Amino acid sequence: MKDKLEQRFKELKDQFDIEEPSLGHFDRFELKLNSEFDKKNKWNPRTWTWLAMAASVALLIGIWFGGYSAKQGLELADVSPQMEETQNFFVSTIKQEIESINLKRTDENQQIIEDAFKQLNKLEENYHLLTVELEKSNEDKRIIYAMISNYQQRIEVLQTLLQQLDEIQQIKTISDEETII
């Protein structure tokens, strides 16, 4: 292999370009590079127009897909008016509990809150699977009960979290009072 390479260099010996550039060539080259760089970094109105159009298209596609994927499955509210009331009650209760938790959020209890919200996300994923099953099973009562139970479990997780946050706050208050004394 080495012999072939050396032989090829000997064959091409007179064909190599060994000329040096003229004086100031590197300075002129650098100047051209900088001017091209400046031209490319300038934003013109066309660029903004294209970006705005691309963002609009992406947003519309996202909304379309989001609406499509959100409609997969059958919610409790789709079963009957009573189930709609039940779902509305659970959803509003969960929202209230989350608002209460967010008001009590501090750096000290951040990890506990994040852990509880991870549990909530798992329960929400399970609920989504139940909505798909409900649609397939033609409104099976067992699945409806499982969906209601899922909402109850979410509320229990949030109430337990609120109790823990209250206990942490009480312990902190007691320790703060002892430090003052």
Q) Which one of these is within 14 Å of residue 150 (Cα to Cα), surrounded by 14 or more Cβ atoms within 10 Å (Cβ to Cβ) and at pLDDT below 90: 134, 130? A) 134
Q) Could you say which residue among 35, 56 is in a helix (DSSP H, G or I) and either at pLDDT below 70 or in contact with a Leu (Cβ under 7 Å, 6 or more places away or on another chain) (or both)? A) 56
Q | For residue 108: the one exception among (1) without any contact (Cβ under 8 Å) to a residue 60 or more places away in the chain; (2) not in a helix (DSSP H, G or I) | A | (1)
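Could you count how many residues in the stretch 137-155 are among the aromatic types (Phe, Trp, Tyr) and surrounded by 15 or more Cβ atoms within 10 Å (Cβ to Cβ)?
The number of residues fulfilling the criteria is 1.
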Q | Residue within the stretch 131-146 that is among the small types (Gly, Ala, Ser), touching a helix residue (DSSP H, G or I) at 6+ places or on another chain (Cβ under 6 Å) and outside any helix (DSSP H, G or I) present | A | yes
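The values are calculated or read from the model by the stated rules, or taken from the named source; none is laboratory data. Because the structure is a prediction, the values reported are computed rather than measured. Ideal geometry is used to build each Cβ from the backbone, glycine not excepted, and the neighbour counts take in all protein chains shown.
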